[in-house]
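The values are calculated or read from the model by the stated rules, or taken from the named source; none is laboratory data. Predicted model only: the values in this text are computed from it and were never measured. We place every Cβ from the backbone using ideal geometry, glycine too, and count neighbours over all the protein chains shown.
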Amino acid sequence: MTQTRSDIAPIHVIGGGMAGSEAAWQAASMGVPVVLHEMRPERPTDAHQTDGLAELVCSNSFRSDDHETNAVGLLHWEMRQAGGLIIGAGDRNSLPAGGALAVDRDAFSAEVTATLEAHPLVTIERGEVPGLPPADWDSVIVATGPLTSPALADAIRGLTGDDGLAFFDAIAPIVHAESVDLSKAWFQSRYDKGETEEERTAYLNCPMSREQYEAFIDALLAAPKTEFKEWEGTPYFEGCLPIEVMAERGRETLRYGPLKPVGLTNPHDPTVKPHAIVQLRKENALGTLFNIVGFQTKMKYAAQTEVFRMIPGLEEARFARLGGIHRNTFLNSPRLLDGAMRLKADPRLRFAGQVTGVEGYVESAAMGLLAGRLAAAERLGAPLVAPPPTTAIGALLNHITSGAEASTFQPMNVNFGLFPPLEAPLKGGRRGKRDRARAYAERAKDHWLDWLGARAAA
Ligand SMILES: Cc1cc2nc3c(=O)[nH]c(=O)nc-3n(C[C@H](O)[C@H](O)[C@H](O)COP(=O)(O)OP(=O)(O)OC[C@H]3O[C@@H](n4cnc5c(N)ncnc54)[C@H](O)[C@@H]3O)c2cc1C
């Protein structure tokens, strides 16, 4: 065990996964002592196999490394500029994987563990934090991930209320609004309900004829599905059954459920009553992303794309993320966290990683990076303003703390739909999807370097 500096009180980081390891590294790199609490090996989780820090529990991929046109590649870039430990160890232990960043998981985890063990300002304590931290831990980063230990999860739930902390996600696919064909779909809320024009046109509607509906049900029933892991159980609630389970209950079930064709008139063909209507609801305040209402699913990803593109208006849909249902502990962050990732009900507790409602290794590490910097700056008496939502890390932060709709909040991967639209038209005749992505990435890089104060070094 290493000695911490006595003139600055330590920040306590709970959880030595992707987020917690990065948070500890960032805070210590800013000169603030950190105590990192990791419960493994004393207390295992259902998915981790080792006692290493930053263990990758499933795939060994950090996904695309294309920082010029891909949002997750851009996240890699921003983390590299910020001296990230996770991305640095990923780079140093990478394996050939085409345009993706894949890593040797054992060497990667070993490097993260050794680096933190060797840092003079980091103390690693092995053991579960089995409830709310003691009162004298005045700055805490909770980074306990999707498999937060039950004792701590229960204690957090005591602070947040029953609907503040979920134990499963039930994700409906999310579509980029600009990829919906508005010559077939239209904006309207059922029975034109709402006080304002915005409310009366809150949903995007996709009409189906009888033939289209029947073919869609056949495809849903035939599609390959993912099994739950043994330890996950089958977390179905009647309110959010997977769409294919509803279809299995009867071919008409969906027409009386999420696809009911009532209270809506198709302006493209007002005299024909659709047999069924699929509705999409705004996912973020920017209105760039829409989720397909009631379409949580266990269908395999490839099948989802194929089946959902059968829906009239979604033939060319681009998915910001596909649907799923998993064991996943996460907060209702838009309601519970402030803009600096602190719990409004107890601001000494800051949250980071997948427990905040981001999804994926890279996104979790990115939120750890930010939480570590915010906590350390606060500790040093010079609080940071959050990075702008035009950056990849800022866009994720903005989404989880304010941009997402709290009542339907589900975990999110990074994607350009989370970024504010470009202020100016693309220059030099550029106008395709890739050009737009490139422009988002260029703007993000500028703003990230500004935020880091690192422009001179770029
Ligand atoms: C089965 C499964 C498969 C996944 N597959 C992928 C994938 O292929 N690709 C991908 O990008 N993402 C995947 N994910 C999501 C993945 O977990 C996250 O992306 C990422 O690991 C989350 O990082 P994190 O730091 O938030 O949590 P973790 O990496 O899980 O770290 C949390 C740490 O906190 C510790 N901990 C928990 N409670 C306590 C406590 N009370 N006291 C002390 N320590 C505690 C845990 O032991 C763990 O080490 C998967 C998740 C699961 C559950």
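Condition check ((1) in a loop (DSSP other than H, G, I, E, B); (2) closer than 22 Å to MET39 by Cα; (3) among the small types (Gly, Ala, Ser)) across all residues:
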{"site": "ALA153", "(1), (2), (3)": "no, yes, yes"}
{"site": "LEU182", "(1), (2), (3)": "yes, no, no"}
{"site": "TYR191", "(1), (2), (3)": "no, no, no"}
{"site": "CYS206", "(1), (2), (3)": "no, no, no"}
{"site": "TYR213", "(1), (2), (3)": "no, no, no"}
{"site": "LEU220", "(1), (2), (3)": "no, no, no"}
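Based on what the data block shows, is GLY324 closer than 20 Å to VAL293 by Cα, crowded, with 21+ Cβ neighbours inside 10 Å and touching a residue at least 60 places away in the same chain (Cβ under 8 Å)? In short, yes. Among the residues of this structure, TYR236 counts as one that is at pLDDT below 95 and under 33 Å from the mean Cα position of the chain (by Cα). Only residues that are among the aliphatic types (A, V, I, L, M) and touching a strand residue (DSSP E or B) at 6+ places or on another chain (Cβ under 7 Å) were counted in the stretch 377-422, giving 5. Only strands (runs of 3 or more DSSP E) whose full extent lies in the stretch 71-147 are considered here, and the ones with at least 2 residues that are in contact (Cβ under 8 Å) with a residue 60 or more places away in the chain and within 14 Å of the ligand (Cβ to nearest atom) are 122-126, 140-142. Among the conditions (1) within 13 Å of the ligand (Cβ to nearest atom); (2) modelled with pLDDT of 95 or more; (3) surrounded by 21 or more Cβ atoms within 10 Å (Cβ to Cβ), the only one that ASP154 does not satisfy is (3).
Say whether the condition of being within 16 Å of the ligand (Cβ to nearest atom) and either of a type in the set (Asp, Glu) or closer than 30 Å to LYS260 by Cα (or both) is met by at least one residue in the stretch 274-297.
Checked the stretch 274-297: no residue is within 16 Å of the ligand (Cβ to nearest atom) and either of a type in the set (Asp, Glu) or closer than 30 Å to LYS260 by Cα (or both).
Across the stretch 339-375, which residue is farthest from ALA9 (Cα to Cα) among those that are hydrophobic (A, V, I, L, M, F, W, C), more than 10 Å from the ligand (Cβ to nearest atom) and not in a loop (DSSP other than H, G, I, E, B)? So, considering only residues that are hydrophobic (A, V, I, L, M, F, W, C), more than 10 Å from the ligand (Cβ to nearest atom) and not in a loop (DSSP other than H, G, I, E, B), the one farthest from ALA9 (Cα to Cα) is ALA366. Among the listed residues SER59, SER64, which satisfies the condition of being surrounded by fewer than 19 Cβ atoms within 10 Å (Cβ to Cβ) and either within 15 Å of the ligand (Cβ to nearest atom) or closer than 24 Å to LEU452 by Cβ (or both)? Going through SER59, SER64 in turn, the sole match is SER59. Considering (1) surrounded by 11 or more Cβ atoms within 10 Å (Cβ to Cβ); (2) under 18 Å from LEU204 (Cβ atoms); (3) free of Cβ contacts under 8 Å to residues at least 40 places away in the same chain, say which one PRO270 fails and leave the rest. Result: PRO270 fails condition (1) only.
This table checks each residue for (1) over 22 Å from the mean Cα position of the chain (by Cα); (2) under 21 Å from PRO274 (Cβ atoms); (3) of a type in the set (Val, Ile, Thr).
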| residue | (1), (2), (3) |
| --- | --- |
| GLY164 | no, no, no |
| LYS193 | yes, yes, no |
| GLU197 | yes, no, no |
| THR201 | yes, yes, yes |
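Yes/no matrix, rows are residues, columns are (1) surrounded by 17 or more Cβ atoms within 10 Å (Cβ to Cβ); (2) out of contact with any Leu (no Cβ under 6 Å at 6 or more places or on another chain); (3) not assigned by TED's automatic domain parsing to the domain that holds LYS300:
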position: GLU125; (1), (2), (3): no, yes, yes
position: ASP136; (1), (2), (3): no, yes, yes
position: SER139; (1), (2), (3): yes, yes, yes
position: PRO150; (1), (2), (3): no, yes, yes
position: GLY158; (1), (2), (3): no, yes, yes
position: ASP162; (1), (2), (3): no, yes, yes
position: GLU178; (1), (2), (3): no, yes, no
position: TRP186; (1), (2), (3): yes, yes, no
position: GLU195; (1), (2), (3): no, yes, no
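When each of PRO41, PRO10, PRO33 is tested for being within 15 Å of the ligand (Cβ to nearest atom) and farther than 26 Å from VAL414 by Cα, the lone residue that passes is PRO41.
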